[in-house]
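Down below is the structure, laid out as C-alpha cells.
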Amino acid sequence: MLVRRLAPALVTLLAVLAPALVAVSAAPAQAAAPSYVALGDSYSSGVGTRSYISDGTSCQRSTYAFPRLLAAQKGYALSFKACSGATIPTVTNTQLSALSAGTSYVTIQVGGNDAGFADVITECATPFWAGDCNGAVDGAQAYINGTLPGRLSTLYASIRSRAPQAKVVVVGYPRIFNGEDCNAGTWFSPEEETRLNATANLLNSKLASAAAARGFSFANPTTRFVGHAVCDANEWINGLSSPVSESYHPNRLGHSSGYVPLVGALLG
C-alpha cells in the first residue's frame, strides 16, 4: 500500500526534475584554455632568475620567466619552448613544431645570439689593451644590418604559416648598461657601454621592422628598463654573476616588473 501511495508522488517529482536534468546533461563542456607558445632564447627561457625547471634539457627554463608568469596570469595553456642559446636556426628546427592552426598566442624573442652579443659583451668586459671591443661591436652591427633582417623575415613567415590565427608578439632586448661599471671583474668604459646600448637599439629596430612587415606586434623593453640597468640601485638585469651564465640577463624583477606588463598588454 505504501508503494502505491508513493508512486504518484514519484511521478510528479520526476516530471519536475526532468527539464533540469536534461539541461545539465546538455550543458556545454568548459572551453579549453587558449594555446600560448613561447619561442626564443635565454631572455625568454628565464636565464638570470637562478631557478630552473628539471625538464631533461639544458634550456634553463624558469617558473619566473615572463612566459610562465603571463600564462598563469591570463589562464593560457603554455607550450614553453624558449631555450638558452637559441638562434634563429635552432628556433626554426626545434621550436616551431609546437605551433599549429589552434595556437592562439605566440611570443618570439631571438636574434641576440645570432649577432653574437654574448661574445661581444665578453670582449668588451676585458681591459682595453687585452681585447677589441670596437671590432666586436662593429662585427655585430654589420650582421644586424646586413644579414639579420632577411633571416627574421623568413622566420616570421614560418610562424605565420604554422599559426595563421595567432596573435604574435615579437619581444625585444633591454639596454643593459647605464654608463658606469660597478663590477670588480669587468672593465667596461662609458664609451663601450654607450656602443653596446646602441647595438641593442639597432637590434630592436630591426626586430620592430620585421615584426611590422608581418603584421606582428613589437614589445620594446627599452623605456621600461630605464633606471634598472646593471649598476642601477634597483637592478632588473644582473651584472657579472656566478655562475657566469647568469650575467647580463634579466633577473626575476626584470621578468615580473619589466616584461610581464609590457608583453601582457600586447598579447591581449
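The values are calculated or read from the model by the stated rules, or taken from the named source; none is laboratory data. Fair warning: this is a prediction, and the values are worked out from it, not measured in the lab. Please note: Cβ atoms are built from the backbone with ideal geometry, for glycine as well, and neighbour counts cover all protein chains shown.
Would you check which residues across segment 137-191 are in a loop (DSSP other than H, G, I, E, B) and under 25 Å from A213 (Cβ atoms) and list them? Talk me through it step by step, then tell me what you get.
Initially, segment 137-191 is screened for residues in a loop (DSSP other than H, G, I, E, B), giving 147, 163-166, 172-176, 178-189.
Passing the criteria: T147, A163, P164, Q165, A166, G172, Y173, P174, R175.
Pairs linking a residue in segment 114-141 that is over 21 Å from L155 (Cβ atoms) and at pLDDT 95 or above to a residue that is among the acidic types (D, E) and assigned to a loop (DSSP other than H, G, I, E, B), with Cβ atoms under 8 Å and 6 or more positions apart or on different chains, are E123/D132.
A residue that is closer than 21 Å to G46 by Cα and of a type in the set (A, V, I, L, M) can be found somewhere in segment 175-187.
Within segment 216-225, is there a residue that is in a loop (DSSP other than H, G, I, E, B), within 22 Å of the chain's Cα centre (by Cα) and free of Cβ contacts under 8 Å to residues at least 24 places away in the same chain? Steps first, answer last, please.
Filtering segment 216-225 for residues in a loop (DSSP other than H, G, I, E, B) gives 216, 220-225.
From the residues that got through so far, the ones that are within 22 Å of the chain's Cα centre (by Cα) too are 216, 220-225.
When the remaining residues are screened for being free of Cβ contacts under 8 Å to residues at least 24 places away in the same chain, the result is 223.
Checked against the condition, which is being in a loop (DSSP other than H, G, I, E, B), within 22 Å of the chain's Cα centre (by Cα) and free of Cβ contacts under 8 Å to residues at least 24 places away in the same chain, segment 216-225 yields at least one hit.
Within segment 213-239, the set of residues being of a type outside the set (G, A, S), surrounded by fewer than 18 Cβ atoms within 10 Å (Cβ to Cβ) and out of contact with any helix residue (DSSP H, G or I) (no Cβ under 6 Å at 6 or more places or on another chain) comprises T222, T223, V226, C231, D232, N234. Elements of the type helices (runs of 4 or more DSSP H) sitting completely within segment 65-134 and holding at least 2 residues that are crowded, with 17+ Cβ neighbours inside 10 Å and more than 16 Å from the chain's Cα centre (by Cα): these cover 117-125.
Is at least one residue of segment 189-212 polar (S, T, N, Q), in contact (Cβ under 8 Å) with a residue 24 or more places away in the chain and buried (at least 20 other Cβ atoms within 10 Å of the Cβ)? Looking for residues that are polar (S, T, N, Q), in contact (Cβ under 8 Å) with a residue 24 or more places away in the chain and buried (at least 20 other Cβ atoms within 10 Å of the Cβ), one finds at least one in segment 189-212, hence yes. In this structure, does S217 turn out to be within 17 Å of C182 (Cα to Cα) and hydroxyl-bearing (S, T, Y)? No, not satisfied.
Filtering segment 149-162 to residues that are free of Cβ contacts under 8 Å to residues at least 60 places away in the same chain and within 19 Å of the chain's Cα centre (by Cα) leaves A157, R160.
T57 falls short on exactly one of the conditions (1) part of a loop (DSSP other than H, G, I, E, B); (2) within 11 Å of the chain's Cα centre (by Cα); (3) polar (S, T, N, Q), and that condition is (2). Looking at segment 30-51, is at least one residue modelled with pLDDT of 95 or more, of a type in the set (S, T, N, Q) and surrounded by fewer than 19 Cβ atoms within 10 Å (Cβ to Cβ)? Looking through segment 30-51, at least one residue is modelled with pLDDT of 95 or more, of a type in the set (S, T, N, Q) and surrounded by fewer than 19 Cβ atoms within 10 Å (Cβ to Cβ). Only one residue in A200, A213 is more than 25 Å from Q60 (Cα to Cα) and part of a helix (DSSP H, G or I), so which one is that? Just a single option satisfies the conditions, and that option is A213.
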